[in-house]
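Colleague: Okay, handing you the structure first.
Values in this text are rule-based calculations from the coordinates and carry no lab data. Values in this document were obtained by computation on a predicted structure and should not be read as measured data. No Cβ is skipped: glycine too gets one built from the backbone with ideal geometry, and neighbour counts run over all protein chains shown.
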Amino acid sequence: MNKTKRPIVIAGNWKMNLDRVQAKKLIEDLKTGLSSPVLLTIIVCPPFTSLETAHQAVQGSQIVIGAQNMDYRDSGAFTGEISPIMLTELKVKYVVIGHSERRQYFGETNTTVNSKIKAALAHNLIPIVCVGETLDERENKLTDAVVSRQVVAATQGLTSSELKKMIFAYEPVWAIGTGKVCEAKEANRVIKIIRNTISNSHNEPGLGDSIPILYGGSVNAKNISEQLAESDIDGSLVGGASLKADEFLSMIEQAQNISKLSAASH
Ligand code: PGA
């Protein structure tokens, strides 16, 4: 399956930024600047406290809401956690799972990532699963092994129809928030490895080719087109640059142009 058959996804991960007033303003600015029809999937992922405000603000547009994390249990004595049921009640559609900041600072492991993916799917939330190597791992030529291991562990026990509902993001840890974007050809190479790993570990040739896989890590309005021009990069998971309406809109517009071009050439 080639890229034109997979949707282009541009997702903004706001991280721990923007209160409700700021969230509403950013979404209103995005709505004003979006040219229709929107040919992409556009997702914004505000902090939990702004999810409801964001859901109200996106009404009448094609922007959809994602959360940045969730617990895998439905309810109980887990102080400070948010369950999938609480997210679906707020009309959240997507949830980022296994972001490297969660793995690095909050003890998220491949096992919890796997449990969270299963819980998300059970509640009809679309998981955006992040994988990626650290600088140390890259320098020790462990990138392919680390990323494959993360993908195998994350997808353990999932059926192919479940996998086809998911989104992955290749996010090298050294590229996140550093301004050091991964070279597009290299990101494309690793994303192909992710596709092959999914197909091989589930014994289904072509399975990995049917799943949208994004690149994330210092994507901005200057480098997004180069990323999206690659055959296997289906979109971007954007942190810092998604907090500025003008820049995020420019990225969406560039993605729209690429999606029109690739549709016309097939
Ligand atoms: P960045 O973050 O675009 O600020 O590098 C990306 C991410 O963490 O998803």
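Colleague: Between the DSSP loop rule and a limit of at most 15 other Cβ atoms within 10 Å, which chymotrypsin sites (Phe, Trp or Tyr not before Pro) in the range 76-138 are left? Walk me through the numbers before you get to the answer.
Modeller: On the way: sites: F78, Y94, Y105, F106; in loops: F78, F106.
Those satisfying the criteria are F78, F106.
Colleague: Summing -39500 (n - 2.57) over the DSSP H runs of n ≥ 4 in the chain and dividing by its residue number, what mean residue ellipticity at 222 nm do you reach, to the nearest 500 deg cm²/dmol? If you can, show how the numbers build up before the last one.
Modeller: Working: 11 runs with 111 residues, N = 266.
Value at 222 nm, helices only: -12500 deg cm²/dmol.
Colleague: Which value, in debye to the nearest 20, gives the size of the charge dipole of the chain about its Cα centre, when Lys and Arg are +1 and Asp and Glu are -1 at the Cβ?
Modeller: The calculated dipole for the chain is roughly 380 debye.
Colleague: Shape call for the range 21-150 from the C-alpha gyration tensor, a ≥ b ≥ c root eigenvalues: rounded (a/c under 1.5), prolate (a/b greater than b/c) or oblate? Don't skip to the answer; put the middle values down first.
Modeller: Working: a/c = 2.19, a/b = 1.41, b/c = 1.55.
In terms of gyration-tensor shape, oblate.
Colleague: Treating cross-link reach as a plain straight distance, find the lysines whose alpha-carbon is under 19 Å from the alpha-carbon of K192, omitting any fewer than eight places away in the same chain.
Modeller: Straight-distance partners of K192: K3, K5, K141, K164, K165.
Colleague: Run the numbers on the range 3-264 and let me know its relative contact order in percent, using alpha-carbon pairs under 8 Å that are six or more apart.
Modeller: This gives 21 percent for the range 3-264.
Colleague: Subtracting the Cα-Cα distance from 0.36 nm times the residue separation, let me have the gained length for K5 to T109 in nm, one decimal.
Modeller: On the way: separation 104, 0.36 × 104 = 37.44 nm, distance 3.22 nm.
That pair, K5 and T109, stretches by 34.2 nm at full extension.
Colleague: With a point put 7 Å past each Cα toward its Cβ, work out how far L142 is from H202 in nm, to one decimal.
Modeller: 2.7 nm
Colleague: What is the projected area of the convex hull of the Cα atoms of the range 1-58, averaged over all directions, in nm²?
Modeller: Across all orientations, the range 1-58 yields a mean hull projection of 4.7 nm².
Colleague: Now for a separate question. Is the range 108-159 rounded, prolate or oblate when judged by the Cα gyration tensor, a ≥ b ≥ c being the square roots of its eigenvalues, rounded requiring a/c under 1.5 and prolate requiring a/b larger than b/c?
Modeller: Details: a/c = 3.05, a/b = 2.52, b/c = 1.21.
Cα axes put the range 108-159 in the prolate bin.
Colleague: Then there is this: Which of Q256, V173, I193 sits farthest toward the positive end of the charge dipole of the chain, with +1 on the Cβ of Lys and Arg and -1 on the Cβ of Asp and Glu?
Modeller: About the Cα centre, the residue reaching furthest to the positive side is Q256.
Colleague: Viscosity 0.692 mPa s, temperature 37 °C: Stokes-Einstein D of the range 156-213 from its Kirkwood Cα radius, in µm² per second?
Modeller: Values: Rh = 12.3 Å.
It diffuses with D of about 266 µm²/s by this estimate.
Colleague: Tell me the Rg and the Dmax, in Å, that the Cα atoms of the range 152-266 produce.
Modeller: Calculated on Cα positions, Rg and Dmax stand at 14.7, 44 Å.
Colleague: Further, regarding this structure: Run the Debye formula on the Cα coordinates of the range 3-264, all scatterers equal and no solvent, and tell me log10 I(q)/I(0) at q = 0.10, 0.11, 0.14 1/Å.
Modeller: For the range 3-264 at q = 0.10, 0.11, 0.14 Å⁻¹, log10 I(q)/I(0) is -0.45, -0.55, -0.92.
Colleague: Which residue fluctuates most in the GNM of the chain (Cα springs below 10 Å): G33, G217, G235?
Modeller: The residue with the greatest mean-square fluctuation here is G33.
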